[in-house]
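One structure is given here, and the rest of the page talks about it.
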Amino acid sequence: MSGDSKAGFIGDEKLSADRRIDRWIRRVFFGCAALTIVTTVAIFLVLFDNAANYFFGARITELLAGATLDRQVSFTEFFTGTRWAPSHAYPSHGVLQIVWGTTVITVGAAFISIPVGTATALYLAEYADPSTRNRLKPILELLAGIPTIVYGFFAVSFVTPVFVDGIATYIVRPIGRAVHWIGTALPSTVGVAGSEVAIGATLIGAGEAMMAQYVGRYSMLAGIIVVGIMTIPMVSSISEDAMQAVPDDLRDGAYALGATKMDVSLGIVIPAAASGILASYVLAVSRAIGETMAVTLAAGFNANITFNPFEEIMTMTAYMVSMARGEAAVGTVEYQSLFAVGLVLFLLTLLMNVVNDLLKRRFQEAYR
Amino acid sequence: MKRTEANPMTDLTSQTSQPDAERTPTRTDPDPALIADDLSVYYGEEQALGGVSMEIPERRVTAIIGPSGCGKSTFLRSINRMNDRVPGCRVTGRLDFHGKNVYDANVDPVALRRRIGQVFQAPNPFPKSIYDNVAYGLRVQGRDDEVDMDAEVERALRGSALWEEVEGQLDASGLELSGGQQQRLCIARAIAPDPEVLLMDEPTSALDPVAEAKIEDLITELAEEYTVVIVTHNMQQAARISDQTAVFLTGGELVEIDDTDRVFSNPADQRVEDYITGKFG
Amino acid sequence: MSVDVINRVLDRSESRSHEDARNRIFRWLLFGASVLGLVVLTLLIADVLWSAYHGLVTFDIDVRQFLTATSSSRPGRAGFAANILASVLLIAMTAVLAFFLAVGCAIYLTEYAADGRLTRLIEANLANLAGVPSIVYGLLVLALIVNDAGLGSVILAGAIALALLIVPIIIVASIEAIRAVPDGVRDGAYAMGSTRWQTIRHVVLPQAMPGIMTGTILALARAIGETAPLIMVGTLFHATRYPVTTDPASWLYAPFADFSAMPTQIYTWTFLAQREFDALAALGIVVLLSVLVLLYAVAGVIRRRYETDGGQSHD
């Protein structure tokens with residue numbers, strides 16, 4: 001230790017070089033973090049900017065620079081029209097048709113993923129012994145890790161021709177034939193309480209409708225099944241985490257009163273984990289809304305407001321795929337419609353994400 | 001009063017500054033390496049160290065004892081400004097290291113720490129080889145080309161009485177050593193860049209008695225070259241190895257400081273006597 | 001209480017048998033639901049393998065040609081090689097773009113940032129970004145990079161879309177790995193007089209790297225199967241030419257080559273509704289899934305090695 005260096009903790013040249021590096025690295029890393037914000041802002045701007053072009057014939061930037069407003073597609077047509085065909089010779093811009101496609105598939109898928117996912121979570125959290133758990137959980141993770149395009153192929157090559165067609169061929173059409181037969185056996189109309197009720201005719205009509213159900217390459221039902229299956233792991237893994245986080249004291253209290261495992265599962269665990277479980281549902285719905293490849297290959301490309309599960313139907317994402325695959329030139333209304341639909345899609349999922357976040361936070365406040 | 005964040009440019013403290021010349025050291029021999037003057041540390045609203053004034057003599061072992069939560073670790077961490085890393089930590093008063101207040105605005109805590117080594121309660125070797133652990137300090141200081149690294153590593157490992165045990169396996173991970181060996185590796189790491197002061201925060205509390213005895217012998221030897229400040233909750237340890245003992249009591253208050261023999265045989269303060277005889281804490 | 005009463009309460013044969021049946025049925029229902037995943041997975045893999053086998057046998061597809069030829073509008077001539085090559089280039093670029101951005105952000109959030117409003121905003125924004133549908137990232141790149149910047153539908157544009165998509169995933173995994181590094185080791189480095197960056201580079205990152213790598217590989221596994229963003233960016237219908245040639249100079253222009261990756265080619269083949277193309281799609285899926293299995297295996301090996309070996313002392 002040399003005496004003259006004793007006051008040298010103010011920093012020497014070498015250290016100030018290190019300090020400079022440190023400051024630069026900090027700036028670069030801050031830049032990385034800021035870029036994630038920039039991404040979000042860019043998504044907003046790009047979608048709004050191009051959607052403005054779709055509605056007003058000019059980008060927001062151009063409008064601000066004084067471009068004249070040239071209404072291309074009115075909001076009335078967009079939000080209330082019922083025919084979606086932007087690239088048709090007689091174009092029509094009723095987005096409801098493809099919003100319906102997304103909605104019916106999302107809701108239908110939720111009817112699969114929510115019960116199955118919740119039951120799976122409950123089994124894993126409350127019933128399964130560790131070795132079963134360790135075997136089932138990786139399978140669910142694998143299911144979540146399979147690319148959506150593979151589910152699309154699965155829909156085209158198995159779900160539709162085997163499962164959906166099977167339902168149409170062996171269940172719906174035979175029932176239709178039976179209903180039709182009953183209808184022909186009954187009188188066409190029957191007087192009930194003074195008014196005429198068309199029993200026979202109604203049954204014949206219903207039977208004929210059911211007998212006419214043939215499944216093409218695409219169907220709503222296939223879309224519902226595939227999206228439902230794909231979102232099961234989301235529901236099950238997040239719900240299970242929520243159930244695992246329920247403190248054991250609550251369970252013990254119920255067991256001590258002589259409750260069965262089922263009582264505890266349904267009466268204690270699920271209510272206690274409710275907000276966490278709900279968060280998983282919201283997340284699954286959000287994923288279903290944004291799901292693209294599987295639903296495109298399963299449900300098809302025919303914009304159609306229908307309740308018939310055997311018909312082809314188009315979701316918002318499927319429209320975007322078909323438009324991107326076609327040759328929509330930049331600047332055309334068809335090209336801009338991509339962004340109008342993308343904006344609707346983005347805002348819908350953003351809403352879901354916010355709700356999911358609120359639910360998650362509520363659950364964390366309760367148990368952590 | 002400002003927060004003492006890691007930024008070296010911050011004006012750190014309000015000082016009740018006196019010219020250094022006016023200081024009259026209470027102990028003439030040896031010179032003090034560190035002088036604390038009304039040093040207080042706050043974590044948010046809570047005061048962890050209450051106006052401590054004391055001198056730490058050069059090349060002696062100064063032990064700091066006291067019950068848990070008495071601020072002894074806080075004091076230790078305020079010497080090399082490790083408290084800067086604690087969010088919401090604030091320091092007032094001054095701490096002179098060779099006549100220079102380490103809380104002065106132009107003091108770089110990183111440079112300061114390169115002159116004051118620290119050994120922690122739990123051994124914390126880096127997930128690197130034994131050799132790289134010991135060489136770490138010289139390397140981050142950019143001194144690896146001006147020294148013979150092999151020789152420096154050997155010197156530090158001999159200094160921490162670990163050389164014989166690891167001589168053939170310098171490339172092995174530091175994590176493969178036993179707990180006691182790991183702590184001596186951490187001591188070797190701390191002394192390798194040749195600091196002037198060595199801070200030790202309960203360095204044997206996580207070790208078995210055999211390892212503890214080895215480290216205690218080592219500390220006595222280290223004091224020939226380094227100024228050692230050791231925090232311990234073990235009064236026997238303080239009595240065995242230190243030259244001077246400071247007793248902190250609850251609230252971060254320094255109650256007594258004197259030669260170790262005197263503190264243990266004839267404490268001036270009744271509370272210290274109670275603490276030492278086990279009536280307190 | 002008499003012994004009789006206790007016996008009656010404990011006797012399960014009468015009043016409890018109904019309760020037991022309900023419990024048993026409930027338990028079996030739950031079990032059935034949880035094995036549904038296994039059933040679907042089995043069906044899906046069987047379906048893909050069967051279709052691929054069917055293609056090899058019925059349509060006489062030559063595996064060697066499949067793996068070495070470019071795609072074609074005539075199924076008899078179509079191969080997957082250009083797509084495999086494009087996917088490799090695409091993922092390599094994605095990895096470079098995403099890794100540094102994500103790890104930089106994770107380091108900033110864990111080691112540099114104070115716990116302020118900006119940090120919370122960035123973290124909340126990450127959660128939101130992770131929930132944005134992948135097709136929207138494709139739309140963003142289509143507008144900004146492909147058209148406004150005039151880059152065109154090239155591999156680099158696809159890589160940017162995929163990188164934006166997986167950055168939040170890598171950030172979350174990296175933050176977790178960095179936070180798992182014990183603070184004692186950080187203290188040790190700072191007490192040795194390291195600057196923040198020296199501490200991060202020499203002490204924090206080496207320990208967090210296995211976790212960061214595992215997270216990155218899993219994110220890349222997600223990216224390699226992503227189809228929708230690439231379709232938005234615009235890919236070739238059939239990859240009838242290679243993005244690079246054997247000429248080393250052509251590799252410099254690889255980022256600016258037209259392409260169709262593995263999943264987009266699979267989409268085209270599936271979309272075309274010809275049995276022969278379906279068989280090609282199945283074979284393509286076999287290749288894609290094999291790559292995924294490989295990536296998962298690598299991630300698993302890294303995770304296992306460092307879980308049992310590194311990190312903590314064993315004494």
Only unsatisfied item for residue A:314, checking (1) more than 10 Å from chain C (Cβ to nearest Cβ); (2) crowded, with 22+ Cβ neighbours inside 10 Å; (3) assigned to a helix (DSSP H, G or I), is (3)
Could you tell me whether residue A:173 is outside the structural domain of residue A:269 (by TED's automatic domain parsing), surrounded by 13 or more Cβ atoms within 10 Å (Cβ to Cβ) and at pLDDT below 95? yes
Return the pairs, sorted by first residue and then second, in which the second residue is of a type outside the set (Phe, Trp, Tyr), the first residue lies in the stretch A:13-28 and is under 17 Å from residue C:105 (Cβ atoms), the beta carbons are less than 7 Å apart, and the residues are 6+ apart or on different chains. A:28/C:104
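Just checking, does the stretch A:255-264 include any residue being closer than 18 Å to residue A:361 by Cβ, in the same structural domain as residue A:121 (by TED's automatic domain parsing) and of a type outside the set (Ser, Thr, Tyr)? Reasoning before the result, please.
Kept after step one, since they are closer than 18 Å to residue A:361 by Cβ, are these residues of the stretch A:255-264: none.
Within the stretch A:255-264 (the criterion being closer than 18 Å to residue A:361 by Cβ, in the same structural domain as residue A:121 (by TED's automatic domain parsing) and of a type outside the set (Ser, Thr, Tyr)), the answer is no, since none of the residues qualifies.
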Mind listing whichever residues of the stretch B:111-131 are facing chain C (nearest Cβ under 9 Å), of a type outside the set (Gly, Ala, Ser) and not in a loop (DSSP other than H, G, I, E, B)? B:112, B:113, B:116, B:118, B:119
Does the stretch C:229-254 hold any residues that are assigned to a loop (DSSP other than H, G, I, E, B), in contact with a helix residue (DSSP H, G or I) (Cβ under 8 Å, 6 or more places away or on another chain) and not hydrophobic (A, V, I, L, M, F, W, C), and which are they? C:234, C:235, C:238, C:240, C:241, C:242, C:243
For the stretch A:46-62, which residues satisfy the criterion of being surrounded by fewer than 17 Cβ atoms within 10 Å (Cβ to Cβ) and either under 30 Å from residue C:119 (Cβ atoms) or not hydroxyl-bearing (Ser, Thr, Tyr) (or both)? A:48, A:60, A:62
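Kindly indicate whether residue A:131 is within 27 Å of residue C:26 (Cβ to Cβ), among the hydroxyl-bearing types (Ser, Thr, Tyr) and more than 10 Å from every other protein chain (Cβ to nearest Cβ).
When the stated conditions are applied, residue A:131 passes them.
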Looking at the stretch C:100-115 only, could you name the residues that are at the interface with chain A (Cβ under 7 Å from one of its Cβ atoms) and either out of contact with any helix residue (DSSP H, G or I) (no Cβ under 8 Å at 6 or more places or on another chain) or small (Gly, Ala, Ser) (or both)? C:104
Have a look at A:328, A:274 and point out the one that is on the phi < 0 side of the Ramachandran plot and within 14 Å of chain C (Cβ to nearest Cβ). A:328
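Restricting attention to the stretch C:226-246, which residues are within 14 Å of chain A (Cβ to nearest Cβ), surrounded by fewer than 24 Cβ atoms within 10 Å (Cβ to Cβ) and not aromatic (Phe, Trp, Tyr)? Steps first, answer last, please.
From the stretch C:226-246, those within 14 Å of chain A (Cβ to nearest Cβ) are C:226-238; that's our starting set.
Applying the additional criterion that residues be surrounded by fewer than 24 Cβ atoms within 10 Å (Cβ to Cβ) yields C:234, C:236-238.
The answer is C:234, C:236, C:238.
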Can you report the number of residues in the stretch A:231-279 which are surrounded by fewer than 16 Cβ atoms within 10 Å (Cβ to Cβ) and of a type in the set (Ser, Thr, Tyr)? 1
Could you look through the stretch C:178-212, keep only residues that are assigned to a helix (DSSP H, G or I) and among the β-branched types (Val, Ile, Thr), and pick out the one that is farthest from residue B:182 (Cα to Cα)? C:212
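Taking the stated definitions as given, is residue A:82 surrounded by fewer than 23 Cβ atoms within 10 Å (Cβ to Cβ), more than 10 Å from chain C (Cβ to nearest Cβ) and in a helix (DSSP H, G or I)?
When the stated conditions are applied, residue A:82 does not pass them.
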When you check residue B:251 against the structure, is it within 20 Å of residue B:37 (Cβ to Cβ) and exposed (fewer than 14 other Cβ atoms within 10 Å of the Cβ), yes or no? yes
Checked A:105, A:98 against criteria (in contact with a strand residue (DSSP E or B) (Cβ under 8 Å, 6 or more places away or on another chain) and assigned to a helix (DSSP H, G or I)); the one match is A:98
Find the residue count for the stretch C:255-285, including only residues that are part of a helix (DSSP H, G or I) and surrounded by fewer than 16 Cβ atoms within 10 Å (Cβ to Cβ). 2
Quick check on the stretch A:63-76: of everything there that is loosely packed, with under 15 Cβ neighbours inside 10 Å and either small (Gly, Ala, Ser) or in contact with a strand residue (DSSP E or B) (Cβ under 7 Å, 6 or more places away or on another chain) (or both), which residue is farthest from residue C:108 (Cα to Cα)? A:74
Restricting the search to the stretch A:102-139, which residues are under 26 Å from residue A:219 (Cα atoms), touching a residue at least 40 places away in the same chain (Cβ under 8 Å) and of a type outside the set (Phe, Trp, Tyr)? A:102, A:104, A:105, A:106, A:108, A:109, A:110, A:112, A:113, A:114, A:116, A:117
Inspect all residues belonging to the stretch C:48-56 and state whether any of them is away from every other protein chain (no Cβ under 14 Å), in a loop (DSSP other than H, G, I, E, B) and not hydroxyl-bearing (Ser, Thr, Tyr). no
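Quick check on residue C:98: is it over 30 Å from residue B:136 (Cα atoms) and in the same structural domain as residue C:227 (by TED's automatic domain parsing)?
Answer is yes for this residue.
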If only one of A:321, A:333 is more than 10 Å from chain C (Cβ to nearest Cβ) and in contact with a Ser or Thr (Cβ under 9 Å, 6 or more places away or on another chain), which one is it? A:333
Sort out for me the helices (runs of 4 or more DSSP H) sitting completely within the stretch A:145-224 that have 1 or more residues that are touching a strand residue (DSSP E or B) at 6+ places or on another chain (Cβ under 9 Å). A:199-211
Can you find even one residue in the stretch C:151-172 that is at the interface with chain B (Cβ under 10 Å from one of its Cβ atoms), among the β-branched types (Val, Ile, Thr) and in a helix (DSSP H, G or I)? no
Being surrounded by 21 or more Cβ atoms within 10 Å (Cβ to Cβ), farther than 28 Å from residue A:229 by Cα, among the aromatic types (Phe, Trp, Tyr) and touching a residue at least 12 places away in the same chain (Cβ under 8 Å) narrows it down to one residue among C:59, C:80; which is it? C:80
Does any residue of the stretch A:321-329 turn out to be among the hydroxyl-bearing types (Ser, Thr, Tyr) and outside any loop (DSSP other than H, G, I, E, B)? yes
For the stretch C:88-95, check the following and say yes or no: at least one residue is within 18 Å of the chain's Cα centre (by Cα) and facing chain A (nearest Cβ under 10 Å). no
Every pair of residues 6+ apart whose Cβ atoms lie under 7 Å, when the first sits in the stretch A:178-195 and is free of Cβ contacts under 8 Å to residues at least 60 places away in the same chain and more than 9 Å from residue A:207 (Cβ to Cβ) while the second is outside any helix (DSSP H, G or I) and acidic (Asp, Glu): A:189/A:196
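The values are calculated or read from the model by the stated rules, or taken from the named source; none is laboratory data. All values derive from a computational prediction rather than experimental measurement. Because the Cβ atoms are built from the backbone with ideal geometry, glycine has one as well, and the counts that use them run over all protein chains shown.
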